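FYI, it's all coordinate maths here, none of it is from the lab. Because the structure is a prediction, the values reported are computed rather than measured. Cβ: placed from backbone, ideal geometry, glycine included. Neighbour counts: every protein chain shown.
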């Protein structure tokens, strides 16, 4: 196994996940605000799950997204 290539591929995946997830959350929040489903002062519970096929690995991360 090439550790450098392995670590680079993990970082690349996580960067892509982080950037894309942030963009999609921002878009969804803006749309919910425009539609009147959110007021803009909420704290939204969120969960991220990471699974890796071929491994017995499933990681859950919980947190809050605060709008104010």
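A few points about this structure:
- Segment 1-40 residues near the modelled residue 59 label - backbone nitrogen below 17 Å, point 7 Å along Cα→Cβ: 6-22
- Cα-only radius of gyration and Dmax that characterise segment 6-68, units Å: 14.9, 45
- Extended-chain gain in nm, criterion 0.36 nm per residue less alpha-carbon gap, residue 9 and residue 50: 13.3 nm
- Relative contact order computed over the chain (Cα-Cα under 8 Å; 6+ residues apart), in percent: 24 percent
- Entry note, the chain: the mean residue ellipticity at 222 nm calculated from DSSP H runs of n ≥ 4, each adding -39500 (n - 2.57), is -17500 deg cm²/dmol after division by the residues and rounding to the nearest 500.
- Compared with the dominant principal axis of the Cα atoms in the chain, helix 3-35 is inclined by about 10°.
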